[in-house]
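Reviewing the structure listed below.
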Amino acid sequence: MKIKMGLSALFTAGAIALFAATGANAQAVPSNKGPWPYGIFDKENLAKPRPKAPFDMTGTWTMRNVPETGGFNFLPLPKFKPPAQKIYDEYLKATANGQAYRDDTAVCWPYGIPRWITRFWPINTMQYPTGIIAVQGLFNSVRWVYLDGRGHVDPDILTPSYNGDSVGRWEGDTLIIDTTGIEPSHHWITHGITLSGELHIIERIKMARDGETYTNEITMIDPVNWEGEWKNTKIFDRVKGEDPVESNCLPSGNDNIPDFGNTQVR
């Protein structure tokens, strides 16, 4: 949003509240009151004095697919609430019978956060003083992480999205990314594990000294679907000579797949 209203009051209140917040607390990042006045590439925003970032994520990265970190899934699983457990049990039963279960991504619904983080394809990342823009190779899904002092989008004007509203801040040498505002419709943590609009994700990213590897400790909180905090750590390696290419999910891509009448779409 670029509506120039009450700039000083909005910026000062938002920045103070945001940087006073710490930890994986569900209330750690407050919401803005009204629209944020600056875009991440506005000259006024880029020109603001800021401490140098502890590290730069600019580059292309791939997740290390190893059993110790759960591979492409988030393991171990949390204790599900009864409705979520029922859905997961239905998924396990369908899988055991060789059937697909509510495979929304097969008909082009977005993977979204958190699966956006863990796909096989490379992630092209561009870091600026005011934000991070990352493009997932899978269907070129874009994620914005704001580093310019704003809080979360005012709930009165928020439109939920599949990658959510991500706000970042630095705590020492760690980048904290706080994500809320996630669209729950046709959206899954992974196969058979549902999520709600109350899903809150906190990422703690640490870069190795050589700048070639980083770890992302992911904490997911969804009081509707599981108990407590669901934690998992993923490792990412810098890759060279590789870029995402244009990738689109088109319904016609399924035209040559036989219809066995066993795919349920939510």
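Computed values, structure above
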{"read-out": "The range 221-266, residues that are among the aliphatic types (A, V, I, L, M), at pLDDT below 60 and either under 18 Å from Tyr111 (Cα atoms) or not in a loop (DSSP other than H, G, I, E, B) (or both)", "value": "Val265"}
{"read-out": "Hey, Arg204 surrounded by fewer than 21 Cβ atoms within 10 Å (Cβ to Cβ) and outside any loop (DSSP other than H, G, I, E, B) or not", "value": "yes"}
{"read-out": "Filter result (touching a residue at least 40 places away in the same chain (Cβ under 8 Å) and among the small types (Gly, Ala, Ser)) within the range 167-184", "value": "Gly172"}
{"read-out": "Residue pairs meeting the criteria (Cβ under 6 Å; at least 6 apart or on separate chains; first farther than 13 Å from Asp165 by Cα and in contact (Cβ under 8 Å) with a residue 24 or more places away in the chain, in the range 31-44; second among the β-branched types (Val, Ile, Thr) and loosely packed, with under 14 Cβ neighbours inside 10 Å)", "value": "Pro35/Ile3"}
{"read-out": "Residue in the range 85-94 that is closer than 30 Å to Lys43 by Cβ and not in a loop (DSSP other than H, G, I, E, B) present", "value": "no"}
{"read-out": "Considering residues of the range 141-184 that are aliphatic (A, V, I, L, M) and assigned to a loop (DSSP other than H, G, I, E, B) only, the residue modelled with the highest pLDDT", "value": "Leu147"}
{"read-out": "Hits in the range 1-59 (condition: modelled with pLDDT under 90, polar (S, T, N, Q) and not in a loop (DSSP other than H, G, I, E, B))", "value": "Ser8, Thr12, Ser31"}
{"read-out": "Scan of the range 95-112 for residues that are assigned to a loop (DSSP other than H, G, I, E, B) and touching a His at 6+ places or on another chain (Cβ under 6 Å), ordered by number", "value": "Trp109, Gly112"}
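The values are calculated or read from the model by the stated rules, or taken from the named source; none is laboratory data. Everything numeric in this text was worked out from a predicted model, so none of it was measured. Because the Cβ atoms are built from the backbone with ideal geometry, glycine has one as well, and the counts that use them run over all protein chains shown.
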